[in-house]
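In what follows, a single structure is set out as structure tokens and then discussed.
Derivation of every value follows stated rules applied to the coordinates shown; laboratory data play no part. Bear in mind that the values here come from a model prediction, so they are computed numbers and not experimental data. Using ideal geometry, Cβ is built from the backbone for each residue, glycine included, and neighbour counts are taken over all protein chains shown.
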Amino acid sequence: MAAADAIERFTASAADLGVAVAARRFPEGTRTAEDAAAAVGCVVDQIVKSLVLVVDDRPVLVLCSGANRVDLAKVGAEFDGRARMANADEVRAATGFAIGGAPPFGHPSPLPTLVDPHLLGFDEVWAAAGTPDSVFPLTPGDLVEATAAREADVAA
Ligand code: 5CA
């Protein structure tokens with residue numbers, strides 16, 4: 001699928017959730033949080049990493065600040081199970097998008113979601129818009145509302 005199609009697909013799913021997505025594409029890439037922050041010109045803390053983990057056999061989503069790393073044991077404890085990072089196939093199955101471009105919502109079915117409190121202190125944060133070269137800005141409030149995320153300290 002062409003990159004523009006993935007962005008359009010995400011933008012349409014987000015609109016269904018009431019979120020207007022103004023995706024920006026960067027030829028230099030936004031595959032990692034550091035890349036995305038450099039492209040946007042914000043601090044890495046404001047980049048939303050949309051990380052799929054598998055707890056026992058269930059996919060879950062952790063929205064983690066680019067400044068932090070996720071502690072698998074803490075995520076497991078939040079869901080009363082054992083957590084591991086999803087593999088590439090599991091990320092695509094759970095989100096409909098590829099690693100590096102997986103957006104925080106607009107998935108085939110909503111994932112149980114945790115949000116890193118560090119993201120909530122900013123006026124604006126940036127998340128992937130469906131491809132490894134696109135991001136979009138949103139408020140932390142919209143991020144939490146669209147994902148029904150639960151705040152949890154899951155940083156290592
Ligand atoms: N577009 C950027 C910033 S929004 C982005 O998506 N960053 S991310 O952190 O949310 O997504 C990349 C994450 O995918 C990495 O942190 C890592 O946890 C995971 N990842 C990267 N490569 C692999 C891989 N081969 N297998 C499993 N997970 C991977």
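Okay, here's what the table says:
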item: Ranked Asp89, Asp142, criterion: other C-beta atoms within 10 Å, fewest first; result: Asp89, Asp142
item: Relative contact order (%) - criterion: Cα under 8 Å, at least six apart; region: the chain; result: 28 percent
item: Antiparallel bridge percentage (DSSP; both residues within the range 3-151; nearest 5); result: 70 percent
item: Fewest-first ranking of Ser13, Ser109, using other Cβ atoms within 10 Å as the exposure measure; result: Ser109, Ser13
